[in-house]
Structures are given as C-alpha cells and as structure tokens.
1. Mind checking which pairs have a first residue in the range 67-86 that is modelled with pLDDT under 95 and a second that is surrounded by 13 or more Cβ atoms within 10 Å (Cβ to Cβ) and in a loop (DSSP other than H, G, I, E, B), Cβ under 6 Å, 6 or more apart or different chains?
2. Quick check: is even one residue across the range 38-51 under 21 Å from residue 10 (Cα atoms) and part of a helix (DSSP H, G or I)?
3. What is the number of the single condition among (1) at pLDDT 95 or above; (2) surrounded by 15 or more Cβ atoms within 10 Å (Cβ to Cβ); (3) assigned to a helix (DSSP H, G or I) that residue 13 does not meet?
4. Looking at the range 89-133 only, could you name the residues that are over 20 Å from residue 75 (Cβ atoms), surrounded by 13 or more Cβ atoms within 10 Å (Cβ to Cβ) and more than 17 Å from the chain's Cα centre (by Cα)?
5. I need the full set of residues from the range 55-66 which are surrounded by fewer than 19 Cβ atoms within 10 Å (Cβ to Cβ), farther than 18 Å from residue 13 by Cα and touching a residue at least 24 places away in the same chain (Cβ under 8 Å), in order please.
6. May I ask you to list the residues in the range 69-81 that are farther than 21 Å from residue 22 by Cβ and surrounded by 12 or more Cβ atoms within 10 Å (Cβ to Cβ)?
7. All but one of (1) surrounded by fewer than 19 Cβ atoms within 10 Å (Cβ to Cβ); (2) in contact (Cβ under 8 Å) with a residue 60 or more places away in the chain; (3) touching a helix residue (DSSP H, G or I) at 6+ places or on another chain (Cβ under 8 Å) hold for residue 19; state the number of the condition that does not hold.
C-alpha cells in the first residue's frame, strides 16, 4: 500500500537519495542542502510530497510551489518535479502523487496546477496526455546564473 505524505525530517534522507537519482550530478550539494532546508520550512511556498512504500521507503517525489498569478483571484501551483524510482514505475505511484497534489489544490482553492515535460520524454508525456490539457507554447529562459551548472551554454 502506497502512502503519500509531505516531506518531513524523518524522510529527508530518502528524499535526498531519490532526488539525487533524478538529477544526478547536475546540482551541487549546497543547492540540494538549500532546497531541503526550504522544503522543510513551512514559511516557504516550496513543498514536496513523497510516495512511501509499505516498507516506508521513499519511492516517489513531487516538488511544487504555490504562487499568485496575474488575472486570477486564486493562487496556482507549479509542479516542478515528479520522479518515481525506476524499479517502481508503472505501479500507480505517479498517479497517486498527482492525485494528492490535485486534492491539495482543491482544498486550498488553487486555480490550476501546471508543469513542463520534455517533449522527448515519451513516458512522461504518455502519462500526462490523459490527465491534463497540453498547451502548445514554446518555453524560454533568460539565463541569470544557473544554466551553466547544468550544461547549457549561455
């Protein structure tokens, strides 16, 4: 039985291990430490939901940030990351994480949840295609200091 819980100090090591599996060496330890500190601070709008196995192992994670947006009376949520341990995929973990996020949004009266998915990530796009409305926009970034750390020329 899968359990979805917010990140707490109790599961921080499991979160860190799974997130490291997702991002590899793209992020410096100081960025991961800072992110963990923010995720555990209730005053910061960044949060993490975790999927826990019956053995209490962190098998899935979702990062989100709730923020205001022009043109709406309600905040929106940007789902920044969703990652499921490769050995645990196709077991409903991503579905449960997304459903838990949507339930949070309904309770907190968010206007919408949005995210980005690499157009070449067929597995992710297959998962999302029946769960959300795709919009055909291009995505642009004005580099201000991080892209060089993940191998993007500025």
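1. If the second residue must be surrounded by 13 or more Cβ atoms within 10 Å (Cβ to Cβ) and in a loop (DSSP other than H, G, I, E, B), the pairs left are 72/111.
2. We begin by selecting, within the range 38-51, every residue under 21 Å from residue 10 (Cα atoms); these are 38-51.
Next cut, part of a helix (DSSP H, G or I) only: 38-39.
Yes - at least one qualifying residue is present in the range 38-51.
3. The single condition residue 13 does not satisfy is (2).
4. Of everything in the range 89-133, just one residue is over 20 Å from residue 75 (Cβ atoms), surrounded by 13 or more Cβ atoms within 10 Å (Cβ to Cβ) and more than 17 Å from the chain's Cα centre (by Cα), namely 91.
5. 66
6. 69, 74, 75, 76
7. Looking at each condition in turn, residue 19 falls short on (1).
The values are calculated or read from the model by the stated rules, or taken from the named source; none is laboratory data. In this text, all values refer to a predicted model and were calculated from it rather than measured experimentally. Note that we place each Cβ from the backbone using ideal geometry, even for glycine, and neighbour counts take in every protein chain shown.
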